[in-house]
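Data block below; observations after.
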Amino acid sequence: MIPSCRIDHLVVTAVTLEAGADYVEGKLGIRPQSGGRHPRMGTHNLLLRFGHATYLEVIAPDPAAAPPPRPRWFGLDALRPDSRPRLSAWVARTSNIAAAANAATEPLGSIEPMSRGSLAWHITIPEDGIPVLGGVAPALIEWSVAEHPAAGLPDHGLSLGRLELRHPEAERIRRLLQSLGFEGPAAVVDADGRDTPCLSVEIQTPQGCRVLSGDGGNSDSEF
């Protein structure tokens, strides 16, 4: 039996961390805090807690790091200098990443050991670094720590609402989530003939409900 998967974190990609922080602060009213560096990937990140086991990650190429010998994750090598920050991917947590990846109806990439400071985990990364199915399919993660890292982040009163997974082949996404035993507030939506897959997520903030989107920030910021 495959262990269930749940939303672990959301990924906003940006050309620079400053641009990503400005985008998130403009949307949610709170600036994410410094995370750290990923030496194997040549990236660094910022973090913002959504709950005791869920968070937002802003990730960008690290200008102080040597280019990695493989493509960076989350499609960062495909960003142009004028690319706007956007919600590009999401990551689902499992207690058995090998079993989950093997059961998945879509190839999610190789399982790679990663670390940042005292944190360690395994995560699926496609060979070309590009998120699967336009980022609508999740990456899988299995943490090698006793306490989820989100628990150590400051609580700003943010909580995760519905994650919308929009794709022109919505049934593929539904089959994938079912194969992973996914449980959580996610809705799969047909893209209505649009060619471009897209993520969007509702975030409850002290100022009301806000939305982060994969369209580069063009959606309304409040319901």
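Readers should treat all values here as calculations from the given coordinates under stated rules, not as data from a laboratory. The structure presented is a predicted model; accordingly, all values stated were derived computationally and were not measured. Counting neighbours? That spans all protein chains shown, and the Cβs are built from the backbone with ideal geometry, glycine included.
The table below gives the values:
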{"read-out": "Kirkwood hydrodynamic radius of segment 24-89, from inverse mean 1/r over distinct Cα pairs, in Å", "value": "13.0 Å"}
{"read-out": "For the chain, size of Cβ-based charge dipole, Lys and Arg +1, Asp and Glu -1, in debye", "value": "300 debye"}
{"read-out": "CD proxy at 222 nm, helix term only [per DSSP H run n ≥ 4: -39500 (n - 2.57); per residue of the chain; nearest 500]", "value": "-4000 deg cm²/dmol"}
{"read-out": "Farthest toward positive dipole pole in the chain [+1 Lys/Arg, -1 Asp/Glu at C-beta], among Leu87, Pro149, Ile173", "value": "Pro149"}
{"read-out": "Rounded Å value of the spacing that divides the Cα centres of segment 115-182 and segment 59-86", "value": "19 Å"}
{"read-out": "Residue exposure sequence - Phe74, Phe182, Phe50 - by fewest surrounding Cβ within 10 Å", "value": "Phe182, Phe50, Phe74"}
{"read-out": "Neighbourhood charge, 9 Å Cβ-Cβ cut-off, centred on Ile125 and excluding it, Lys, Arg +1 and Asp, Glu -1", "value": "-1"}
{"read-out": "Cα gyration tensor shape for segment 6-213, rounded if a/c is under 1.5, else prolate or oblate", "value": "rounded"}
{"read-out": "For segment 116-211: rounded, prolate or oblate by the Cα gyration tensor [a/c cutoff 1.5]", "value": "oblate"}
{"read-out": "Overall form of segment 60-146 per C-alpha gyration tensor (a/c, 1.5; a/b vs b/c)", "value": "oblate"}
